[in-house]
Amino acid sequence: MKKPCTQTSTSGLRGEYEGAAADYTVGQDWNAYTPEMHDRWRRLHARQVGLVARYACTSFRDGLARLDCAEGIPRFEDANAILGPATGWQLVAVPGFIPDDVFFDHLAHRRFPVTRWIRDEHELDYLVEPDVFHDFFGHVPMLLDPAVADFLELYGKAGTRAMEMDALAMLARIYWYTIEFGLVREGDALKVFGAGIISSASETVYSIDDTDVLRLPFDPVRVMRTGYMIDDFQKTYFVLESLPQLIDELVGLDFGPVYEKWRDAPALPAGESLPGENPITLSGAPA
Ligand code: HBI
Ligand code: FE
């Protein structure tokens, strides 16, 4: 593994890796945030909160309300005081994107890595790398949901085998299409629970209201076979019937044979359904 301090210069990743521990954790250094940074957080938060009421799933709305983080970049230790008793998760500050094996190890131990830097003024709606707004606003409310809390630990534990079997790309699609870009049905409406959607104003509206995008019922093997977009809106979203479906379908799944079978096949293109599939045509929430 590269030393943290060499990663900044050789990989082009944003963030200050110098001084990070072997597990890539750093102090949040909350006092280093400027008033401008806190103000940027406030504006991002205010914009998303206006959408959350209509578009986000109940767990997200409840979780966000408990975190009380509207006024500025939150202190991770304050969130930890809420998360610990609720689901046993703890946030750890990281400089930015971290190596896969390190990321998996944190999740397997119920530690969620949260990037400490905040995006610049000119990238308020979308950026490819995670920042503190994406990681905290998008992910932390869902860590208060018991099914998501358990699922993320399971995902972390699944990482070692996926890497050994050269099937990381397949496992990563599970995370991408659920934790990052997942939708969930609530009654007759579709709601957002993925952090990649809910931390972006335009994709929140698009993922629910666009009438042409493909929405498929969640199926773990179908998900593991499907490619995804990293720098544009998704062309396919997968819809859970409920958040506990994550546990119901993945706890008993033997990933090994699935990796063996599909690892070397080309990914299914996003945005295309297979013969016999029934895309979901439910509309979003009533206005
Ligand atoms: N590091 N900070 C951070 N955040 C992520 O979401 C992340 C990561 N490292 C690896 C990774 N995600 C994914 O590639 C794994 O889920 C496969
Ligand atoms: Fe994320």
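The values are calculated or read from the model by the stated rules, or taken from the named source; none is laboratory data. Given the structure is predicted, the values throughout are model-derived calculations rather than measurements. No Cβ is skipped: glycine too gets one built from the backbone with ideal geometry, and neighbour counts run over all protein chains shown.
Figures for the structure shown
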{"item": "Residue within region 26-42 that is of a type in the set (Val, Ile, Thr) and within 21 Å of PHE151 (Cβ to Cβ) present", "result": "no"}
{"item": "Some residue of region 91-98 being near ligand 1 (Cβ under 9 Å from one of its atoms), part of a helix (DSSP H, G or I) and under 16 Å from the mean Cα position of the chain (by Cα)", "result": "no"}
{"item": "Some residue of region 99-115 being farther than 23 Å from SER200 by Cβ, away from ligand 1 (no atom under 13 Å from the Cβ) and modelled with pLDDT of 95 or more", "result": "yes"}
{"item": "Wholly enclosed helices (runs of 4 or more DSSP H) of region 124-210 bearing at least 2 residues more than 10 Å from the chain's Cα centre (by Cα), closer than 17 Å to VAL221 by Cα and within 12 Å of ligand 1 (Cβ to nearest atom)", "result": "146-164, 168-175"}
{"item": "Single match in ASP78, ASP23 (criterion: in a loop (DSSP other than H, G, I, E, B), of a type outside the set (Gly, Ala, Ser), modelled with pLDDT of 95 or more and surrounded by fewer than 19 Cβ atoms within 10 Å (Cβ to Cβ))", "result": "ASP23"}
{"item": "Selected residue [of a type outside the set (Val, Ile, Thr) and surrounded by fewer than 16 Cβ atoms within 10 Å (Cβ to Cβ)] from ASP105, ASP68", "result": "ASP68"}
{"item": "Tally, over region 102-129, of residues that are among the acidic types (Asp, Glu) and either within 12 Å of ligand 2 (Cβ to nearest atom) or more than 19 Å from TYR33 (Cα to Cα) (or both)", "result": "3"}
